Amino acid sequence: MRSIRYHPLIDCDSEGREKVPMFFSDNEETVRESHKLYLMETIPRYYRLCSVRKLSEAVAKTYNIHCPCCGNAMRQITNALDSHRLGVYCCPRCTNNN
């Protein structure tokens, strides 16, 4: 069994809508200290969007989040659990190849 991976997200455009993941960390606290948004990967190739501050689901849906593996835009497959643990995303390209 592998550990949970946390991928910090950075803005890739001036509007802050394009979110690109950086290299992962196994330490959530380290990621939370430096980044307000990150992806939590508990199941390989499925990523929950997490926010340090409260974030509405409507705002989260305006983000275009890119895949940590291939860089392709991912799609949201579940709704938010709360204002910190938002939807789960997967990459159509990576999930179809497995």
_Lone unmet requirement of (1) under 22 Å from Asn79 (Cα atoms); (2) at pLDDT below 95 for Met22_ = (1)
_Need pairs with beta-carbon distance below 7 Å; first residue of a type in the set (Ser, Thr, Tyr) and within segment 72-88, second surrounded by 13 or more Cβ atoms within 10 Å (Cβ to Cβ) and in a loop (DSSP other than H, G, I, E, B); sequence gap 6+ or separate chains._
Ser83/Leu55
_Against the conditions (1) within 13 Å of the chain's Cα centre (by Cα); (2) of a type outside the set (Phe, Trp, Tyr); (3) not in a strand (DSSP E or B), where does Glu41 fall short? Just the number, please._
(3)
*Can you pull out the residues in segment 42-61 that are under 25 Å from Cys94 (Cα atoms), of a type in the set (D, E, K, R) and either crowded, with 19+ Cβ neighbours inside 10 Å or in contact with a Ser or Thr (Cβ under 9 Å, 6 or more places away or on another chain) (or both)?*
Arg45, Arg48, Glu57
*Name every residue in segment 1-31 that is in contact (Cβ under 8 Å) with a residue 12 or more places away in the chain and either open to solvent by 80 Å² or more (accessible area, probe 1.4 Å) or among the acidic types (Asp, Glu) (or both), in order of residue number.*
Arg2, Cys12, Arg17, Glu18, Met22, Phe23, Phe24, Asp26, Glu28
*Evaluate segment 62-69: report whether one residue or more is over 20 Å from Cys94 (Cβ atoms) and either open to solvent by less than 80 Å² (accessible area, probe 1.4 Å) or hydroxyl-bearing (Ser, Thr, Tyr) (or both).*
yes
*Just to be sure, is Arg85 out of contact with any helix residue (DSSP H, G or I) (no Cβ under 9 Å at 6 or more places or on another chain), open to solvent by 70 Å² or more (accessible area, probe 1.4 Å), of a type in the set (Lys, Arg) and within 22 Å of Arg2 (Cβ to Cβ)?*
yes
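The values are calculated or read from the model by the stated rules, or taken from the named source; none is laboratory data. Predicted, not measured: the structure shown is a model, and the values here were computed from it. Heads up, the Cβs are rebuilt from the backbone with ideal geometry, glycines too, and the neighbour counts pull from every protein chain shown. Quick note on the areas: whole protein, heavy atoms, side chains included, nothing else; ligands and nucleic acids left out. Shrake-Rupley method; radii C 1.70, N 1.55, O 1.52, S 1.80 Å.
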